[in-house]
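Contents: one structure, followed by commentary.
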Amino acid sequence: MEKLNIKEKQLLPSRTVFHVIVPCLSCSPIGKIKIDVIFGDRNHFCREAIWFEVVDLESPYHVLLGRPALAKFMAVPHYAYLKLKMPGTKGIIMINGDYEKSSACAATSSWLAESLVIAVEKKLLDRVVAMVGKQPELSPEPKELETQGSFQPAKETKKIHLDPEHPERHAIVGTNLDSK
């Protein structure tokens, strides 16, 4: 915004939300502004006013032209050749991309996306660690765990053998249970 000499107070409110620019994250613009855009040179150009969503997001790209802008310019993008063709007053205007800059931007944006996803995952991990820290500590001794159970049998119990052939299979019941 500084290079374009645009102040934040010039921005109009925006209701747009960008999803999955970075995996798992959404981003809301800080506002929108209408700017005249000119493609071509002095003798052969195309000029249109386009609405831009202004986003406070780290990115190697300065501007992303979406479908509305491409439709307004009646432009045809050729991604494989890094070319953009659009009608002008004196015929077709062709904008050529830079392969080195495109490759550098792609590498930077993938690094940026990876670091943002790592930051989100770290926050989730910190939340889990905090939740575990609030849990009561368990004793490392298994024998202590067995005696700490919340269920305590009644004082007066008796064993009922379930299988006469296997005396180790039994159930423990209270002796003062109601007959119903």
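Computed from the coordinates by the stated procedures, all read-outs in this text should not be read as laboratory data. Being a predicted model, the structure only gives us computed values, none of them experimental.
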* **Residue pairs, from the table LYS9/LYS32; LYS7/LYS32; LYS3/LYS101, whose Cα atoms sit over 18 Å apart** => LYS3/LYS101
* Report the extension gain between ALA106 and SER28 in nm, rounded to one decimal, defined as 0.36 nm multiplied by the number of residues separating them, less their alpha carbon distance. => 25.9 nm
* Structure fact -> Listed by chain and number, the residues whose amide H is under 5 Å from that of VAL54, excluding neighbours fewer than 5 places away on the same chain and using placed H, are ILE30, GLY31, LYS32, ILE33
